[in-house]
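Participant: There's a structure below that I have some questions on.
Bear in mind these aren't lab numbers, they're just calculated from the coordinates by the rules spelled out. Remember, it's a predicted structure, so these values are computed and weren't measured experimentally. Here the Cβ positions follow ideal geometry from the backbone for every residue, glycine too, while neighbour counts run over all protein chains shown.
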Amino acid sequence: MVVSENPVLLDAVLRPNPPMNSRALVSALVFVAAVNLANALIFVLHGAWPIAPFMGLDVLLLGWAFQASRVAARAFEHVRLTPLELAIMRHSKRGAECQFLLNPYWVSVHLAEPEDMPRALMLRSHGKSIRIGDFLGPRDRRSFAEILKDALRSARSWRPS
């Protein structure tokens, strides 16, 4: 058995919660459109026709929100820790990539927690700060911060065999 010189101590992909599948989104949009159309018809029959375009605007805005949610769900961050480096590969919702490489010995993890709501998970090293996991919920962010702290402790105490 060959032991790797640089074992991977943490390999995590952070993703936002995905929206409903396409079929469910279309079904929800069709249902809202049908309800709004019925209500718009009632308003028009009672002489309140200026309300009808706003009911159509509701459906358009909901469709836009569904699409924006699907696009935002494409973003993710890949965090990979070995005893020699902490690599953070950030993939934006549009497909752009950005990579940060840090020495795990010098990285500190800071979790801003005003009143039980962790707001920002920051990695700091040599005067630089990198904010990660913005799309995670408060519990997931806190949980990942603890996992990362433990993995960084392991990286600092690692000795090659």
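Participant: Can you tell me which of (1) closer than 27 Å to Asn21 by Cα; (2) surrounded by 12 or more Cβ atoms within 10 Å (Cβ to Cβ); (3) under 21 Å from the mean Cα position of the chain (by Cα) is the one Val35 doesn't meet?
Facilitator: Failed condition: (3).
Participant: Hey, another quick one. Would you confirm, using the coordinates I've provided, whether Gly56 is small (Gly, Ala, Ser), in contact with a helix residue (DSSP H, G or I) (Cβ under 9 Å, 6 or more places away or on another chain) and over 28 Å from Phe31 (Cβ atoms)?
Facilitator: Answer is no for this residue.
Participant: Given the criteria at negative phi and under 28 Å from the mean Cα position of the chain (by Cα), does Pro53 qualify? Quick ask: steps written out before the conclusion?
Facilitator: Working: at negative phi: yes; under 28 Å from the mean Cα position of the chain (by Cα): no.
Against the criterion (at negative phi and under 28 Å from the mean Cα position of the chain (by Cα)), Pro53 does not qualify.
Participant: Scan the stretch 18-36 and tell me whether some residue there is closer than 30 Å to Arg153 by Cα, in contact (Cβ under 8 Å) with a residue 24 or more places away in the chain, in a loop (DSSP other than H, G, I, E, B) and not basic (Lys, Arg). Steps first, answer last, please.
Facilitator: If we filter the stretch 18-36 for residues that are closer than 30 Å to Arg153 by Cα, which is where we start, we get none.
There is no residue in the stretch 18-36 that is closer than 30 Å to Arg153 by Cα, in contact (Cβ under 8 Å) with a residue 24 or more places away in the chain, in a loop (DSSP other than H, G, I, E, B) and not basic (Lys, Arg).
Conditions (1) among the basic types (Lys, Arg); (2) under 20 Å from Leu10 (Cβ atoms); (3) in contact with a strand residue (DSSP E or B) (Cβ under 9 Å, 6 or more places away or on another chain), marked per residue:
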{"position": "Ile88", "(1), (2), (3)": "no, yes, yes"}
{"position": "Arg94", "(1), (2), (3)": "yes, no, no"}
{"position": "Trp106", "(1), (2), (3)": "no, yes, yes"}
{"position": "Pro114", "(1), (2), (3)": "no, no, no"}
{"position": "Asp134", "(1), (2), (3)": "no, yes, yes"}
{"position": "Ser143", "(1), (2), (3)": "no, yes, no"}
{"position": "Asp150", "(1), (2), (3)": "no, yes, yes"}
{"position": "Arg156", "(1), (2), (3)": "yes, yes, no"}
{"position": "Ser161", "(1), (2), (3)": "no, yes, no"}
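Participant: Now, a different point. Residue check, Gln67 against (1) of a type in the set (S, T, N, Q); (2) in contact (Cβ under 8 Å) with a residue 24 or more places away in the chain; (3) loosely packed, with under 15 Cβ neighbours inside 10 Å; (4) within 30 Å of Leu41 (Cβ to Cβ), all met but one. Which one?
Facilitator: Looking at each condition in turn, Gln67 falls short on (2).
Participant: Pro104 - would you say it is under 24 Å from the mean Cα position of the chain (by Cα), within 26 Å of Asp150 (Cβ to Cβ) and not polar (S, T, N, Q)?
Facilitator: yes
Participant: Within the stretch 76-161, which strands (runs of 3 or more DSSP E) (wholly inside it) include 1 or more residues that are surrounded by 15 or more Cβ atoms within 10 Å (Cβ to Cβ) and in contact (Cβ under 8 Å) with a residue 40 or more places away in the chain?
Facilitator: 76-81, 86-91, 108-112, 128-132
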